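To start, the structure itself, in structure tokens.
The values are calculated or read from the model by the stated rules, or taken from the named source; none is laboratory data. Owing to the predicted nature of the structure, the values given are computational and were not obtained by experimental measurement. Methodologically, a virtual Cβ is constructed for each residue, glycine included, from the backbone with ideal geometry; neighbour enumeration extends over all protein chains shown. Note: accessible area is taken over every heavy atom of the protein model, side chains too, but ligands, DNA and RNA are not part of it. Shrake-Rupley method; radii C 1.70, N 1.55, O 1.52, S 1.80 Å.
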Amino acid sequence: MSEVDDPPIRRLSTRLVYRNEWLAVHEDRIERQDGSEGIYSVIERPDFALVMATENDGFHLVDQYRYPVRGRYWEFPQGCFPDWGVGTQEELARAELAEETGLRAGALRHLGHMLAWHGASPQACDVFVATDLTPGPPDREPSEQDMRHRWVTRREFERMIRDGEIKDNSTVAAYGLYLLAERGSA
């Protein structure tokens with residue numbers, strides 16, 4: 001995180017509006033540089049891990065029904081510890097990959113750390129590449145019971161992004177990190 005020594009917005013007070021096992025919403029009273037006051041809503045969520053499981057010049061993807069957007073879209077396996085649990089991001093990446101696809105990673109490489117929705121949330125995402133994969137049974141959460149898993153070639157993956165079958169911003173951004181790493185730029 002890049003902290004600012006003299007931030008242009010100062011929090012005057014905060015109030016917890018709502019909290020469940022996956023998120024918390026705070027309403028902050030704030031003061032801007034010019035002295036005007038306002039409200040800022042902050043959505044706190046646990047940080048998450050995203051896993052690019054790759055083999056044979058392709059990727060393993062999952063999809064499930066996403067209620068807020070009323071649709072199904074393919075994405076890389078990703079998730080956070082349930083009920084605000086704790087652990088390392090590598091442990092989380094391994095757990096999410098196994099839970100959603102059944103795959104176990106023999107090797108896991110960290111590609112980067114990104115902010116997920118920094119206009120409204122401090123939530124961050126760590127991106128990993130998983131290789132040396134071993135298949136096994138998935139162990140999905142009840143909310144993932146409709147999840148599907150499939151392997152696609154890289155060419156098919158890029159077509160899916162172009163055609164809107166992949167709309168998840170974290171998946172597209174992770175692929176950008178992957179391409180930079182391939183070029184030696186990351």
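One chain, two ends: Arg72 and His26. Fully extended at 0.36 nm per residue, the span grows by 13.6 nm beyond their Cα-Cα distance.
With a cut-off of 13 Å between beta carbons, the residues surrounding Glu158 carry a summed charge of 0, where Lys and Arg count +1 and Asp and Glu -1.
The C-alpha atoms of the chain define a longest principal axis, and helix 169-183 lies at about 60 degrees to it. Heavy atoms of the protein chains alone define the surface here; on that basis the chain has 59 Å² accessible area per residue at 1.4 Å probe size. Taking a sphere under 10 Å around the Cβ of Ala49 and counting the other residues whose Cβ falls inside, with K and R at +1 and D and E at -1, yields a net charge of -4. Using Cβ point charges alone (K and R +1, D and E -1), the dipole size of the chain about the Cα centre works out to roughly 440 debye.
Report relative contact order for the range 1-108 in percent, whole number only (criteria: Cα-Cα under 8 Å, sequence separation at least 6). RCO, the range 1-108: 19 percent.
In the chain, the longest principal axis of the Cα atoms and the axis of helix 89-101 are about 50 degrees apart. Helical content alone sets the calculated 222 nm signal of the chain at -6000 deg cm²/dmol, taking -39,500 (n - 2.57) per DSSP H segment of four or more residues and averaging over every residue.
Candidate values (1) 16.2; (2) 18.1; (3) 19.5 were compared with Kirkwood radius over Cα pairs in Å computed on the shown model; the agreeing label is (2).
Using R₀ = 30 Å, calculate the FRET efficiency as 1/(1 + (r/R₀)^6) where r is the Cβ-Cβ separation of His110 and Trp84; round to 0.05. Rounded to the nearest 0.05, the efficiency is 0.85. What's the longest piece of the chain with no exposed GluC sites (Glu not before Pro), counting a site as exposed if DSSP puts it in a loop and it has at most 11 other beta carbons within 10 Å? Longest site-free region, per DSSP loop and neighbour criteria: 22-186.
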